Structure formats: C-alpha cells, structure tokens
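For reference, the structure is listed below as structure tokens.
The values are calculated or read from the model by the stated rules, or taken from the named source; none is laboratory data. Just so it is clear, the structure is predicted and the values come from calculations on it, not from any experiment. Note: ideal-geometry Cβ built from the backbone for every residue, glycine included; neighbour counts use all protein chains shown.
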Amino acid sequence: MILASALAATGAWAVARSGTAGTAEHRSPIGVSTPPSTGAAMRSPHADTVVARVDGHAITADELRTSAAVSGADLTTAKGRRSALYDIERFKVAQIEAASRGLVTAVDFEDVQRELAKENASRAQDEAGGGVVYGPSSYNLATYYARVETTVEQQLLDDLVRTGEIRPSDAALRAHYRAHVAEYPVTAGTLTVRTVRADDSSSGRRAAGSTAAAVSAGTSLEGAARAHGLHATVRSERLDLADADLARTRPSLAAAAPDLEPGHATVVRDDADGGLLVVQAVSRTAGAAPTFEEVKDETRVRYEHDQYSKHVDRLVSRAHVDVDVDLSRALP
C-alpha cells in the first residue's frame, strides 16, 4: 500500500522528510512519506483501522469519517477525501500543539471518545438529579468532535496571544485593516428624494402614476404634480439606506429606494401617514467602507484568526504525516 498525502491541494510537492531520502519517481507533499502503492482493491476500512498518522498520532477511519461529517467533506470523491485529510491534518497538529502547552488532554480519537462518554454521563446524572443542563441532554459523536475542534482552536489562539506569539498591536491591526478593507461590507449609502402625496383612491392612483411617468420623462415634480391635480407640498429628504428605522416604519419607501435612479420617479405606499407618495430620486451617495475605529473589534478577531492560521501552517510544514492512500480511497 502507498503512504502518500491527499492533503496537498495546493500542488506543492517535495521529497518526503521521513528520515530516508525520497526518489524522483516517488515524490510526496511536504512532510509525507510515500512508498509505492500496490494498487489492490480494498474493502472499506474498519472503524479503528489507522488510515494516517500525524507526528506519530494515529488517525483512524472512524475519526476521519467523523471529521468529514463535521466539515461536510464527501469521502466518496477524491476531492472530498483530499479536503477531509487536509482539514484533519491541520486540526491534529493544532491538537498536538495545544496538548504540549497543557491546554487540552485529548489528542487521540480514543481520548475524545472517553471524554464524550464522561460528558454524557455527567449530563445524564445532572438531569436525573433535577439539575440544569445547558445545551443538549447528550452529545452525539460528530457534535462533540466539532466542540473539541472549536475548543482546541480557541484555547490555542488565546495562549498564542497570552504568550505574545500573536501580537494584536494597534499598528498591526491598522495594517491588517488596510490590507483587507475591501472585505468589509460597505454602508448602503444615501438617497436624496423629493416627494408629493396623493390619495389612495382610483383617481389618486391614476394621478400619482401619471405624475411619476412625467417626472421620469423630464418634467419637474412640481409641474407634473400640478398638471395631474396633485396640489400637496413637495418635500425633500435624505434617506440613509442602512437605517433600520426607515425599513421598519416606511418599508415601501425603503424597498423602492435602492433601485431608484436620480431623475426618475416611482409611486409607493406612504406607510407612515397613509395614502401614496410620488418619489423622485434627486441624488445618491455611494456606500463607503467602515472606518478602522468602527470595526476595530472585528479587525482584532480577523487578525488573530489570520495569525492563528499562519501558525498552523507552520506546524503543518514541520509535521511528519503518513497517509495510507489505499485505505483512504476505500472510505467510507
């Protein structure tokens, strides 16, 4: 059977760093040992069959299936298997690192399963005694594994910040914000409009529709309103298109505003005062990216997770990974 990685979706290949030199014919993703494959067809491996090792820690078929269930990777396809193996390698090196720092105790899958059994037993005992149980009465394996993944990431990230290995200084955060400002959602912008009211009657609807059509054709709002019998005062206002109050109190106007081009007019229901509104768009200001101060807290979270990902990249680059490709191909 071949020991090779299906992990390197990037296509970066190098001679394995397994202590013995690889050959030009049998090259592998960085850090992976690759003897040649037998090519023999195999049955789906048993749950506790080892399909890979990361720095000596076994990954069983059942753990790989569980990890894939959490991530949604399809183990029936080559692409899905590559994705699943890539994800579990990154988690496993983080798990090993967290354990080396004394942050977690479970590294191997059997440790996770023992902790799951203890957790469910404790929850059952608390529930039977009338205690408060937060979350589910019991965890299934995939849900608990996802919880372990989240815990490992958060505890390792927190420790990296605590030890100064990740330094979210103001300068670092500002640099990260500038580099990624295009990724933040822009504000919706504003729209300046002029409006005139009309009755919500058959004659009022006809007058409003004719007025809006005339305005869109180039007639002034005042002139079109007078010509069609609308004598209400023309009012001007600037709408903040991201204003939650506008969407809540005047939903018809809020819904029409984003698509209304300057110079054109439309008719909407006046949700605030009743009747109808002929609405002419006058000018629009484009949305803008939020300022650094507005998203400083979010930037810190983004920066820390970005630095955490780079830290895991370094762990992966130093890890020794063996993947039994014949067995992994036989999954699920």
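Side notes on the structure shown:
- Neighbours by Cβ (under 8 Å, 6+ apart or cross-chain): first from the stretch 118-142, free of Cβ contacts under 8 Å to residues at least 24 places away in the same chain; second of a type in the set (S, T, N, Q) and part of a loop (DSSP other than H, G, I, E, B): 120/138; 123/137; 123/138; 124/137; 124/138; 127/137
- Selection within the stretch 211-222 - in a helix (DSSP H, G or I) and farther than 25 Å from residue 286 by Cβ: 211, 213, 214, 222
- Conditions (1) closer than 18 Å to residue 321 by Cα; (2) in contact with a Lys or Arg (Cβ under 6 Å, 6 or more places away or on another chain); (3) at pLDDT 90 or above; number of the one not met by residue 84: (2)
- The residues of the stretch 45-73 that are charged (D, E, K, R) and surrounded by fewer than 23 Cβ atoms within 10 Å (Cβ to Cβ), listed by number, are 48, 53, 55, 62, 65.
- Any hit, the stretch 160-169, residues being farther than 30 Å from residue 292 by Cβ and β-branched (Val, Ile, Thr): no
- Residue within the stretch 185-194 that is surrounded by fewer than 12 Cβ atoms within 10 Å (Cβ to Cβ) and part of a loop (DSSP other than H, G, I, E, B) present: yes
- In the stretch 295-323, the residues that are polar (S, T, N, Q) reach residues that are in a helix (DSSP H, G or I) with C-beta atoms within less than 7 angstrom, at least six apart or across chains, in these pairs: 299/173; 299/176; 299/177.
- Subset of the stretch 103-119 [surrounded by 14 or more Cβ atoms within 10 Å (Cβ to Cβ) and of a type outside the set (Val, Ile, Thr)]: 103, 106, 108, 109, 110, 111, 113, 115, 116, 119
- Evaluation of residue 82 against the conditions (1) out of contact with any helix residue (DSSP H, G or I) (no Cβ under 9 Å at 6 or more places or on another chain); (2) without any contact (Cβ under 8 Å) to a residue 40 or more places away in the chain shows that the sole unmet condition is (2).
- If you check 46, 26 for being modelled with pLDDT under 85 and more than 17 Å from residue 90 (Cβ to Cβ), only one passes: 26.
- Residue, surrounded by the fewest Cβ atoms within 10 Å (Cβ to Cβ), within the stretch 120-158, restricted to residues that are acidic (Asp, Glu) and modelled with pLDDT of 95 or more: 158
- Residue in the stretch 81-98 that is among the small types (Gly, Ala, Ser) and surrounded by fewer than 17 Cβ atoms within 10 Å (Cβ to Cβ) present: no
- Count of residues meeting criterion [surrounded by fewer than 19 Cβ atoms within 10 Å (Cβ to Cβ) and either within 44 Å of the chain's Cα centre (by Cα) or assigned to a loop (DSSP other than H, G, I, E, B) (or both)] in the stretch 195-208: 3
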